[in-house]
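Let me begin by presenting the structure, written as structure tokens, before commenting on it.
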Amino acid sequence: MSGFAAAGLVAFDSFKTKASQKLSGFRRSTTGYEEFEGPREGSKDNRAFEDEREYSRQPSFDSLPEPERPPLRHIDTYCMPECPCLSKRYTIATLACVGFIISFGMRCNMGMAKLAMKNSTKEGENNSIKFNWTVGTESALDSSFFWGYLVTQVPGGFLASLYPANRIFGAAIAISSFLNLLVPGALNVDPIADMCVQVLKGLVEGVTYPACHGIWKYWAPPLERSRLATLAFCGSYAAMVIGMPLSGYLSAWFGWTASFYFYGMCGLIWYGFWLWLAFEKPAKHPCISARELRYIEDSLGQGQALMPVPTLSTTPWRKFLTSMPVYAIIVANFCRSWNFYLLVLFQPRFMHESFGMPLVETGVIGSLPHLLMTMIVPCGGLLADYLRKHGIMSTTNVRKVFNCGGFGMEAIFFLVVAHATTHKSGTAATIALAIGVACSGFAISGFNVNHLDIAPRYASILMGMSNGIGTIAGLLVPFFVDEITEEKDAESWRNVFIIAACVHIFGVTFYAIFCSGELQPWADPSLEEQKAWNPMDEFQAKPPVPPPPKTMQSEFIKQPSLEGSANDNWNAYEQPAPPENHLYARQDKASVINYGSTESSGNNPFHSTNPFASDVNATLVQPPATDDYTHDVMHNQQWN
């Protein structure tokens, strides 16, 4: 019987051991236990460079401390705010990309709608009306958006540093989408009404780019800045791929108003997903894994989240205006914006006037260059991070090579487009334009993420400054192109692309000379903390306070030596001299004093030396206190 009992105990212990090992692979959730598998290659939390920090080699989930998460919202109890196939930072990057697709797609609506409106001859045909606008009116309609867009660039960057950048980014696209729904009605009323709506749209959308940089200040690890930022920004180029043909088809099939309504509704729907899935910081995400949270915070450093928010008085505006790396970014942004808005606003018109392409075909062919660029931009970000991670090139050289290479190749192919235009070679012009724009996608890994390199703390403000200057190009391009192409011939468009190539060449030269990829001294928080004023520094800078002077009467009297030297002076008193390097007032060397002696050479040790029993002044025994006694008191009085 005892044998059966022993065997039963052994079996029970074995079962208990196996059960413990099995349960160690589970973690507790709100509903029970769910299995936790160690991260494999390519898992959603094992992206980029987490293996280097050995976050993916943790033996179990328990090896990482459970982060303190905010409480779940009401909607989170029904559907958790997470994408099954993406980590949280890449979920935000993907959503931001879609937001830019909608935002920049709305800018394509006007260009395609104008072609559709001009083709209508009767009021009421295809839900359209006839618009007989002058060249000046068209230029004002094209540039009115950028008047508002220019104003809010720097304020938008400043707001993104004061308030949650994710909320500012989402609200801007939502409000712009609502205003896009009002454009058809404003056009039917009067062109001036549409200009007012476009200015309001520009004011709202002006904060999107700076706010996006404000998001990456907390979400992008340093060695993933290029890939995350380019993934988000490639939405502005994918918008051309989708927006041009889609707006053309919608305008041709359902009337010129259809594209405005379609993009307006898409923007409002997107805003709902953004509110659900996007959060200001990783620590505020209720479902982020401990591994991803620790990886992001360790990469950025704990000081990133603890740094004080820049204010209007603490922001180094003068340093911004005297920094050549900042000017390099501004010039590159202006050159890029010049050619980008040239293609966004006038590429369908260029194809139509130079080669006689129909409306739908211009939209499809016009999207081809931006399709290639959409694929190049994230690939360029991956390549840039790879070169930096493996130490093949420094950050400064990576930014220079990518930016100058992208701009230089686009300038060369713009010259090819100019040559093909004069020879009426539409195929050659289309191919050259597609390759040139695709090559410029590498430049996004140069100047467009350079703000995060030189000053991550002020990245949103610098983005607002550079993008604001770039917006000036959007204001000038419509007037410039309309003035040159007034004859609407191929020779005029040839001059347009030659000037565009020269703009890029200037940008390449300036950026190559003055670019930097290193953290600037005025943006280094550690140096700022060292330079910060501290009232205790004055106490620490001075030499240590010397000990108080000896005041006992017996210490002022020189005791006789045992050797009986003839030089022994029983009543001789000498105050030791202070050190030579002492900065305070030095006390003069006291003369020899005879305490209570009536003889000229009083060396009688038995004579009374009590100053209170003789006519000797007591101050000779205890000299008045020097500044050493009242040092702290005096300074405290100064501070009070």
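The values are calculated or read from the model by the stated rules, or taken from the named source; none is laboratory data. Note that the coordinates shown come from a computational prediction; the quantities given were computed from them, not determined experimentally. Glycine gets a Cβ as well: all are built from the backbone with ideal geometry, and neighbour counts include every protein chain shown.
Just a few scattered comments:
- Selection from the stretch 112-148 of residues that are within 23 Å of Ser367 (Cβ to Cβ), of a type in the set (Gly, Ala, Ser) and either in the same structural domain as Phe480 (by the TED database) or at pLDDT below 75 (or both): Ala116
- When each of Tyr218, Tyr249, Tyr237 is tested for being farther than 30 Å from Leu383 by Cα and of a type outside the set (Lys, Arg), the lone residue that passes is Tyr249.
- Which numbered condition Thr430 misses (of (1) within 23 Å of the chain's Cα centre (by Cα); (2) surrounded by fewer than 20 Cβ atoms within 10 Å (Cβ to Cβ); (3) among the β-branched types (Val, Ile, Thr)): (1)
- Scanning the stretch 394-411 for residues that are buried (at least 17 other Cβ atoms within 10 Å of the Cβ) and either within 22 Å of Ala455 (Cα to Cα) or out of contact with any helix residue (DSSP H, G or I) (no Cβ under 7 Å at 6 or more places or on another chain) (or both) yields Thr395, Val398, Arg399, Lys400, Val401, Phe402, Asn403, Cys404.
- Selection within the stretch 252-279: residues that are touching a Gly at 6+ places or on another chain (Cβ under 9 Å) and within 19 Å of Ala165 (Cα to Cα). The member of this set that is surrounded by the most Cβ atoms within 10 Å (Cβ to Cβ) is Gly267.
- Residue within the stretch 379-392 that is of a type in the set (A, V, I, L, M), buried (at least 24 other Cβ atoms within 10 Å of the Cβ) and more than 24 Å from Val503 (Cα to Cα) present: yes
- Some residue of the stretch 254-265 being part of a loop (DSSP other than H, G, I, E, B) and either acidic (Asp, Glu) or at pLDDT below 85 (or both): yes
- Check on Ser492, modelled with pLDDT under 90, among the hydroxyl-bearing types (Ser, Thr, Tyr), over 26 Å from Ala238 (Cα atoms) and more than 22 Å from the chain's Cα centre (by Cα): yes
- Candidates Tyr90, Tyr78: the one that is under 30 Å from Phe169 (Cα atoms), surrounded by fewer than 11 Cβ atoms within 10 Å (Cβ to Cβ) and at pLDDT 65 or above is Tyr78.
- Listed by position, the helices (runs of 4 or more DSSP H) enclosed by the stretch 131-235 include none that has at least 1 residues that are surrounded by 21 or more Cβ atoms within 10 Å (Cβ to Cβ), free of Cβ contacts under 8 Å to residues at least 60 places away in the same chain and in contact with a His (Cβ under 8 Å, 6 or more places away or on another chain).
- Pairs linking a residue in the stretch 247-270 that is assigned by the TED database to the domain that holds Ile175 to a residue that is part of a helix (DSSP H, G or I) and of a type in the set (D, E, K, R), with Cβ atoms under 9 Å and 6 or more positions apart or on different chains, are Gly248/Glu361; Trp256/Lys114.
- Selection within the stretch 219-228 - modelled with pLDDT of 85 or more and under 22 Å from His370 (Cα atoms): Arg227, Leu228
- Number of positions in the stretch 310-326 that are in a helix (DSSP H, G or I) and surrounded by 10 or more Cβ atoms within 10 Å (Cβ to Cβ): 8
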